[in-house]
1. Looking only at segment 53-69, filter to residues that are surrounded by 14 or more Cβ atoms within 10 Å (Cβ to Cβ) and closer than 18 Å to residue 96 by Cβ; which one of those is farthest from the chain's Cα centre (by Cα)?
2. What's the number of the only condition in (1) in contact with a helix residue (DSSP H, G or I) (Cβ under 8 Å, 6 or more places away or on another chain); (2) at pLDDT below 85; (3) farther than 28 Å from residue 15 by Cα; (4) not in a helix (DSSP H, G or I) that residue 196 fails to meet?
3. Restricting to segment 84-96, what's the tally of residues that are buried (at least 16 other Cβ atoms within 10 Å of the Cβ) and either touching a residue at least 24 places away in the same chain (Cβ under 8 Å) or assigned to a strand (DSSP E or B) (or both)?
4. Condition (residue is more than 18 Å from residue 125 (Cα to Cα), surrounded by fewer than 17 Cβ atoms within 10 Å (Cβ to Cβ) and out of contact with any strand residue (DSSP E or B) (no Cβ under 6 Å at 6 or more places or on another chain)) applied to segment 189-200: is it met by at least one residue?
5. If I ask for residues that are in contact (Cβ under 8 Å) with a residue 24 or more places away in the chain and touching a strand residue (DSSP E or B) at 6+ places or on another chain (Cβ under 8 Å), which ones from segment 201-213 would you list?
6. For a quick check of your reading: which helices (runs of 4 or more DSSP H) sit entirely within segment 2-75 and have at least 2 residues that are at pLDDT 95 or above, over 27 Å from residue 157 (Cβ atoms) and touching a strand residue (DSSP E or B) at 6+ places or on another chain (Cβ under 7 Å)?
7. It is to be established whether one or more residues within segment 160-183 are part of a helix (DSSP H, G or I) and modelled with pLDDT under 95.
8. Restricting to segment 172-189, give me the number of residues that are touching a helix residue (DSSP H, G or I) at 6+ places or on another chain (Cβ under 9 Å) and without any contact (Cβ under 8 Å) to a residue 24 or more places away in the chain.
């Protein structure tokens, strides 16, 4: 089984080249952030998002569309929260489009030991939302997706660190209790209890990297986290086939 994981899109159509290059793939996972670009027009971003949905609906491949913070803040019930890149002028077109297609979006996905989310799943966040004894690795993806479907405001970011504590503003996300669409790698790695660190390998976007590194620092740290937000830099993407990782590129 061959899986392709594609980093933050932000309106770019490079994913079409990836799909063309990886015609033998069985599964494509988009890590989220379909919107907000400083050099691609809003209408192009919107059409690109709809093209991904059409691909998901029409292909015989499995297509997973995770949600990112740059998509979530266009949910009608969320409201503008000051995130960089938010398109106030074009939001009146993005919001209804996302709302009409939210059935295609999910918070997390897992196969075997690989766990996918936009920014990463933190034990501290899970404890805060579900209680320390209210979740486990085997059920956390289902719990996150159900929470996202029925209580989407749980994943608000940039306003409060903890759903329960509501303690202070955190505009960057470098805090252990932040959600799977907002937490930063340093906090993600620091937050996770031993079971989550050892039982899953997390694949995340959200924080831009210069290259997709599967042999360097992440591997030295245990190989449990892979950062794939490099569509803007190298155009690389992650390939997982029979448990082995490799890197593909569009350039």
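The values are calculated or read from the model by the stated rules, or taken from the named source; none is laboratory data. Computed from a predicted model, the values in this text were never measured in an experiment. Reconstructed Cβ throughout: ideal geometry from the backbone, glycine too, with neighbour counts over all protein chains shown.
1. 53
2. Of (1) in contact with a helix residue (DSSP H, G or I) (Cβ under 8 Å, 6 or more places away or on another chain); (2) at pLDDT below 85; (3) farther than 28 Å from residue 15 by Cα; (4) not in a helix (DSSP H, G or I), only one is false for residue 196: (4).
3. So the count comes out to 4.
4. no
5. 201, 202, 203, 204, 205, 207, 209, 211, 212
6. Hits in segment 2-75: 14-21.
7. No, that holds for no residue.
8. 2
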